[in-house]
Structures are given as structure tokens and as C-alpha cells.
């Protein structure tokens, strides 16, 4: 059954990916009506998250953010499908960087780079970084495997199509230590704003007016290998186009205090969200873990 669902999804995705963006965005508009007005996909979660994060905003302002968020979410879904057929030239044109030298100069010097990435805007398209660095400089993507091995394999194939290496979350430490020994520098992308489970919940801070726990695994790995740490400040320019500005957190992670990198990420992410609130994943149950009193 899992194999069958894989083939239906694989064929369907690749057929949809043949469609031009203009048609895919028409599908997105229809999907918006379905998700928001018919199904009401996680509407209670979205509204609670927005209300608690922006107590200073009016009901009308929150409603507008909600509306734009659901449009963005549907665009994200069709853009994820389209990624299966995006040529290297096309994805480089659609996801650009206004200060890529902050990343490339460190890569050329053979530094290990930890890139902290939020669930924001066109974040999946940052896999095109591999196309912009020297061929001998590996780029790794940390991911959480899906329960369906066939679907997991399909997503791995899509995410590795530009030359990056997928690393399962449970194999992160082993793989990074191996890369550190075998290569003259590498880059690794961490999606660091997920809702952690209780065993990963380590660092507490105030984030968007709420007591919030963050995983600090990326920070610990960066300190273990004394990596440079950069934050990907993503801007969604318009449908199908994004831009990244790299913010340098540190060039020597093991010289930072415990929690300093994770705190810096939280503050930078907060600024990104406040600049344009609709383009973060408000449907995530980000605050489901409460601090023990």
C-alpha cells in the first residue's frame, strides 16, 4: 500500500510540476478556498498562535494576516511540487542572495558553516546554495525521515537534485564528524524553529510574547566543530521569488556562551516574522510544550 501511494504521488507530482507557474497558482487559489473556508485547516491553531503572538494588533489586522498566511501556505505547496522540475538556472533566478559573499567567502576558506533556517517564505529553495559554491565544498541538509520510506525517498531525491547531501536527523552527529575529518570545510542547513519534543526541549526564552522552548542541537554541533554560524533572513518578494540576506551570528561557535547562538536565532527570527508576519508556518503547534513550574 505504501509503495502504491508512492507511485500515485510520484506520478501526480511530476505531472503537476510540468504545468507553468501561472496554472499552478490558479490551483493554489482554489486550494486556498478549500483549506481555509471549507476544511478550515488548523484554523483554531492559526488564530490562537496569531492572537498570542501579536496582542497589540486588532482583530481586523489579525484576520488579514490569517488570510495572507493561507494564501502563502497554498503557494508553498504548489511551489514544493514545482521544485521537482525546476532547472538549476530557474531556481537560481527565483531564489537569490543579496550578500552571498558572506557564505561563499567562508566556503572558499574551508570553514565549516552552520546555516540556521526558519520555516519562512521559500525556505525549501535554499537547496540551490550548492549550485553557487565550489564543487568540492559539500552542502548537507538535515531532515526528519517520513514514516513511509517510499515518500521519504521521493522527497530526498527532490532535495538532492542540485548536488546537496541529505542527512537523516538521527545520523547528524556521526555524519558531521565524518565530514569534518574528510573534507576541507562543509556547509549544513538546520531548520531550527520546529516544535521540539520533550527530549529536545532545552533552551527557553521569550519569543513573540510567549514562553517558548527551542532545540539547541544545532548550537551544540556548531560548538563541537567550532563552526561559523549564519542566519538565513528570508524575504518573500512575490509569488515564486525569494531573497536571502545572511546574518553572521559568530565565526567561532565554541567561543560563545551556552544558549547565545540559540538566543540570537530566536531574536533574528522574531525580526523576520514581525517584518512580514504571514509567511511563517502559523499552522504548526509551536507552543504545545509548557515549561515545568
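Only beta bridges with both residues in the chain are counted; by DSSP, about 45 percent of them are antiparallel.
Round to the nearest 0.05 the FRET efficiency obtained for residue 9 and residue 102 when R0 = 45 Å and r is the Cβ-Cβ distance. E between residue 9 and residue 102, to the nearest 0.05, is 0.75. In terms of other Cβ atoms within 10 Å, 35, 132 run from fewest to most in the order 132, 35.
Between residue 136 and residue 30, the FRET efficiency estimated from the beta carbon spacing at R0 = 30 angstrom works out to 0.10.
The Cα atoms of region 152-288 cover 43, 38, 28 Å along the three principal axes, with the biggest extent listed first. Whole-percent P(r), region 68-143, all Cα pairs, 5 Å bins from 0: 3, 12, 24, 24, 19, 11, 5, 2, 0. Whole-percent P(r), the chain, all Cα pairs, 10 Å bins from 0: 6, 26, 36, 25, 7, 0. More than 20 angstrom separation, counting every C-alpha pair in region 1-118; what % is that? Summing the P(r) tail past 20 Å for region 1-118 gives 63 percent. Could you tell me the center-to-center distance, by alpha carbons, between region 49-99 and region 131-196 in angstrom? Region 49-99 and region 131-196 have Cα centres spaced 23 Å from each other.
Between residue 285 and residue 87, the contour length at 0.36 nm per residue exceeds the alpha carbon distance by 67.9 nm. Only helical runs count toward this figure. For the chain, summing -39,500 (n - 2.57) over DSSP H runs of n ≥ 4 and dividing by all residues gives -13500 deg cm²/dmol at 222 nm.
Hey, if you drop one equal point scatterer on each alpha-carbon of region 100-202 and run the Debye formula without solvent, what base-10 log of I(q)/I(0) do you get at q = 0.12, 0.14 Å⁻¹? So the normalised log intensities are -0.42, -0.57.
Counting 0.36 nm for each residue step from residue 19 to residue 41 and taking away their Cα separation leaves a gain of 5.4 nm. Computed from the C-beta positions of residue 48 and residue 198 and an R0 of 30 Å, the FRET efficiency is 0.90 to the nearest 0.05.
Bear in mind these aren't lab numbers, they're just calculated from the coordinates by the rules spelled out. All values derive from a computational prediction rather than experimental measurement. Because the Cβ atoms are built from the backbone with ideal geometry, glycine has one as well, and the counts that use them run over all protein chains shown.
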